[in-house]
Structures are given as C-alpha cells and as structure tokens.
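Worksheet: the structure to be examined is printed underneath.
The values are calculated or read from the model by the stated rules, or taken from the named source; none is laboratory data. Every value quoted in this text rests on a predicted model; they were computed, and no experiment measured them. Counting neighbours? That spans all protein chains shown, and the Cβs are built from the backbone with ideal geometry, glycine included.
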Amino acid sequence: MKTALPLVVLLVLLSACSKDAPSTPPADIRSVRAEQVGLHGAQGSTRYSGEVRARYETDLAFRVTGRVQTRAVEAGTLVKSGQLIATLDPADYALASTAAQAQRVAAEAEARLAQQDLQRYTALRAQNFISQAELDRRESVSQAAQARARELRAEASRQGNQQAYTRLTAPYAGVVTATRVEAGQVVAAGQPVASLARTGEREVRIDVPENALDDLRAARTLKVRLWSAPDATYVGRLREVSPMADATSRTFSARVSIADADAAVKLGMTATVEVDSESAPSLSVAQSALFKVDGQPQVWVVEQKSGKVAARSVQLGALAGERVAIVSGVAAGEWVVTAGVHKLAPGQQVRVLTPAQP
C-alpha cells in the first residue's frame, strides 16, 4: 500500500499537466444592419379630403318682393334652361302694370294733342296771326308732353318687367342642390330661393394649410379618388386658390378640377386629392438609425478598417416618409447602423449584415 500511493499521486499530476491551458474568451462582436449615406430625392404625397362641387353653382332669387305662390322643384330635380323654379303672387304687380299702362295711354294722347296744336299754331304764325312768343310757348308745351309720354312709357315697361319677375326660371341646365322657401312664405328681393349647380365640369373643394401652398402649386400631378370608389383614379388640375385664409381654420380654400369626371362623380361626394411632391436630392438616413444622447440626435458610424462603431452627432432636416434628411454630421459614403442601435457601445466591434437598401 505504501508503494502504490506515490504511484497514484504521480499519475494524477501527469494527468493535470496534460490538459490544455485555458484560452482567451472571444470578443463580443454584434451583428448589425447598416447603410451607406448618399444623396436621395425625397418623394412623398399629401392627401386632402374635400367635397365634390359643381364648377358653377348659383343661388337663385326673385328680383322683387312678394309671397311665394308655388315652388316647382325639389332638391335633386334636373332642370332645363328656362324651366320654372317658383312663382310669386302677381296680383299687386299686375295692378301696378295696368295703372302704368293707363298713364302711358293718357300721356301719349296729351302728347298727340300738343303736337297737333303746335302744327296749327305754326301755320298761324306763318300768316302772322300770332306772335312768336305764343308759338314758342306751344313748342314748349308739346316738348313737355312728349317727354311725359316717354317717361310713362318707360314706367309702364318697368312695371311690366316687375310683373314678369314674379316668375323665377333656371338660367341654365343643371340640378337643384337646395331649396330654401316654401309656398306661402314672404321673401325679399334677392333672398335665395334655391341653389342650382350647372351640368358639366366637376371639381373638389379642399382646405390647404399655408405651409403647403407652394407644394400644391408646384405639384406635377394631382390624383383624385372618391371614397365610394377608392380604386378609381381621376386626373386633377388646380384651378384656383383663395387669396385669403379662413379666419377660423387659417387654411386656404382651393378648387381642383376633375378633368375626366364620369357619371360616378356625383355632387356632394367625399373625395381625396393626393399631391405628389419630390424634393432636390440631399443626404438622408433611415429614421431607425437615429438615437438621442442628452436630447441630441446621433448615429453610429461604422469604421471600415477596424469594424468598430463611433457615435456621431448630426443635425436633422425635413422628414420624408421613413427617412430623414441630414444637414451635417456625416458625409456621403460613410456607413451608419440602421438596426440594433440601442444595443451598441462606443468602440464596439460589429459585423455588418446585408446592407439595407434605402
């Protein structure tokens, strides 16, 4: 037993010496996605909701005061040019027209009598039976009678027009979009009775903020889509922009004409106007590449030789979709991390996966 114990100890020591020495732990290399900073033109679109309106829409009203006798249309009625819209009680205007006509007849009779007297007095003056002063007086009477006849003739014509104004007719073909009076109601001259939208061109009225007016005016294409048919696209054209902002919303009203409107485009429908815009090329990165330190936006820049990352402060420009413009901080050609930015530390070794295409 005493002889075997040293032998066992020797075998244990030899076994320990034969084991490999512990190796150095591997470096912490993180896999990240990165992209190369370059010039990109920002493309985007802005959508505005609006209402389909007629190119021409008129509020119809009587030109005289009176009580509504009949209303011949309802909202949605299709009318032709000259078709009756409503009438007023014409009794008072008929009486006034009759009185004016009677005064006209009397004045014309007096004018004829004065003219005949002038002819007789002219003949008497030629024979020197009356003085020149008397002839002049007769000429004045005749001229006054003629003027009075012309005055009452015009008044009779005006009263006839007033009577005709008790009938309100459509000035053009279109559709009645609203009615505002009922039979028996007393209306004033110029008070809207109905609204008429002309058949033909359709457009969308939208409200645009002041900081988007330049983009709207410079847009190369305007696309109009109806909420009822989102798959159909119509070509739009900016027709007008209000010169003043709305006092409440501080937006500018704009009208976009629908060039190829069909029967599916109906008045009052809700539509969307899409404005495509494209800015000049500028340096940009994906928004996922950004993180903040003490409120300052930064990106991780990958050193190509060492494969290590370094934080770099950047100054941001305008947002465009999922990208943001870079004013300063990085240069074209540098690589920035776009995924995994919150798991990195300064000087950390990284392995760049397949670059994400911007």
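Brief remarks follow.
This table checks each residue for (1) assigned to a helix (DSSP H, G or I); (2) at positive phi; (3) surrounded by 15 or more Cβ atoms within 10 Å (Cβ to Cβ).
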site	(1), (2), (3)
ASP136	yes, no, no
GLN143	yes, no, no
GLN146	yes, no, yes
ARG150	yes, no, no
ARG158	yes, no, no
VAL176	no, no, yes
GLU203	no, no, yes
VAL208	no, no, yes
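- All of THR46, THR87, THR70 fail the test of being under 31 Å from the mean Cα position of the chain (by Cα) and assigned to a strand (DSSP E or B), apart from THR46.
- Residues within segment 210-259 that are at positive phi and surrounded by 14 or more Cβ atoms within 10 Å (Cβ to Cβ), tallied: 0
- When segment 110-127 is limited to residues that are of a type in the set (Gly, Ala, Ser) and under 26 Å from LEU152 (Cβ atoms), the one that is surrounded by the fewest Cβ atoms within 10 Å (Cβ to Cβ) turns out to be ALA114.
- Selection count, segment 260-280, where residues are over 26 Å from ALA197 (Cβ atoms) and surrounded by 12 or more Cβ atoms within 10 Å (Cβ to Cβ): 4
- Subset tally (residues that are within 30 Å of VAL193 (Cβ to Cβ) and without any contact (Cβ under 8 Å) to a residue 24 or more places away in the chain) for segment 86-127: 3
- Filter pass, ARG167 being touching a strand residue (DSSP E or B) at 6+ places or on another chain (Cβ under 9 Å), among the charged types (D, E, K, R) and over 30 Å from SER249 (Cβ atoms): yes
- Boolean, VAL350 is of a type outside the set (D, E, K, R), at pLDDT 80 or above, surrounded by 11 or more Cβ atoms within 10 Å (Cβ to Cβ) and more than 14 Å from VAL301 (Cβ to Cβ): no
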